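Student: Quick one: structure below, then a few questions.
Please treat every number below as a calculation from the coordinates, not as lab data. All of these numbers come straight from a predicted model, not from anything done at the bench. Neighbour counts run over all protein chains shown; Cβ positions are idealised from the backbone, glycine included.
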Amino acid sequence: MKRRSSLHGDALPQGAADTSGYTPGHTPGHTSAYAPTTFAPRLLAWWDVHGRKTLPWQQQRTPYRVWLSEVMLQQTQVSTATPYFLRFTAQFPEVQTLAAAPLDAVLHGWAGLGYYARARNLHAAAQAVVREGAGVFPETLDGLQALPGIGRSTAAAILSLAHDARHTILDGNVKRVLTRWAGLEGFPGLPAVERELWRLAEACTPQGRNADYTQAIMDLGATLCTRARPACALCPLQADCVAYLSQRQAELPTRRPAAKRARRVRRVVVLVAVSQDAVWLEARPAKGIWGGLWSFPEFADLTAAAELHGFASAQPALARVWPTVLHSFTHYDLELVPWVLPVSAPASASASAPRQAASVPPLTGAEPNGRWYPMRRTTAAKTRVGLPAPIERLIEAVADATAAGIFSSDEALGERT
Ligand code: SF4
């Protein structure tokens, strides 16, 4: 990690007092000189004119709504998160309603945003707030960070935005702005670089107007200092931005060092048992990928799937391998090979009473977490379970094929097993 030093001196501007508590140490750079004096005022003046002030979570800025928005905006852009936020807060307007909701309903409200651990943590944290705080969020960094899924920056954002208290955030947008402005090199995920960024962020945080400042630096990162092609001509930090002055915007922040190993690929066969207008789903374990969501039974290969007993009523001649579904997770790629098999037993596809389908023999007789699930979106019961987005798309495709009569004729579509 090193900071470029040639563009600015180390000394504070004449007459300026460094009241930030930031100690520049031995590394030369301009940040200690400018941060406490002009960084925040310039940013706030820009935000007063150009900042975003009508986002849904900026209205009624309660800790609950700020927290929801911060979690949704992790890895997600404002335009994507906004409809989710509106739906989620309509369904769960208070922390109490979220805490009291079944996890399935929460996961369903989250479906499509990905990173489902965030939704599970939301639910668990809401229950902790209700149980331990009678519905009132902690008002300290430590108290908030003790809740599931709340890290240092999210805790600071909640206190800053909901209470206008002086706290410093360091999310992805802020890291990008600060690394460019200060010319800070090194991958921000490295502990030493991150420590330096926290010091810098603290130094830049003003004593007053904290909520506005927090929103301003997030807005600058999201709207001007974007990952690709930042709009430097419009930026209030341009005059002393190291990246701009040295035309190194594309190089900063430093990218993650190349991974040493090729990405892992995990290939599984999923059994898509179709009965009339329903498919058989099973709840996944609470921990792990798609934890707590509903998906198809998984098998290591086709042989293992074919050996599944309880399919006396199935029509194996109509079974077929569906096109492989590809999905990327952070650490590996998933290849789902759907093996679609019509079963002749009529399904009582009642999502409200999934285990009362007495006329339908369970697939193996041993799945305590299975249910027949109606395939069509219009079915009200469908709103009750959380589905991973790729599984939801697969169900739609199977529903279309079923409606087209594919499973009731001898015409082969796709590869027959
Ligand atoms: S001048 Fe450009 S690179 Fe520097 S902070 Fe502003 S937008 Fe980002």
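Student: Taking a ≥ b ≥ c as the square roots of the Cα gyration tensor eigenvalues, with a/c under 1.5 meaning rounded and otherwise prolate when a/b beats b/c, else oblate, which class fits the stretch 131-282?
Tutor: Because a/c hits 1.5 or more and a/b fails to exceed b/c, the stretch 131-282 counts as oblate.
Student: Taking H as built 1.01 Å from N, whose amide H comes closer than 5 Å to the amide H of Val279, not counting residues under 5 places away?
Tutor: The answer is Tyr373, Met375.
Student: Using modelled amide H (1.01 Å from N, peptide plane; none on Pro or chain starts), what sits under 5 Å from the amide H of Gln249, excluding residues fewer than 5 places away?
Tutor: HN-HN under 5 Å from Gln249: empty list.
Student: Could you give each residue of the stretch 154-167 its phi-based ³J(HN,Hα) in whole Hz, using Karplus coefficients 6.51, -1.76, 1.60 with θ = phi - 60°, and x for Gly or Pro?
Tutor: Values, residue by residue: 5, 4, 5, 5, 4, 5, 5, 6, 8, 10, 6, 8, 7, 9 Hz.
Student: Could you give the semi-axes, largest first, of the ellipsoid that matches the stretch 237-276, computed as the square roots of 5 times the alpha carbon gyration tensor eigenvalues and rounded to whole Å?
Tutor: 49, 18, 5
Student: How large is the dipole of the stretch 237-295 about the Cα centre if only Lys and Arg carry +1 and Asp and Glu carry -1, each at its Cβ, rounded to the nearest 20 debye?
Tutor: With Lys and Arg at +1 and Asp and Glu at -1, about 540 debye.
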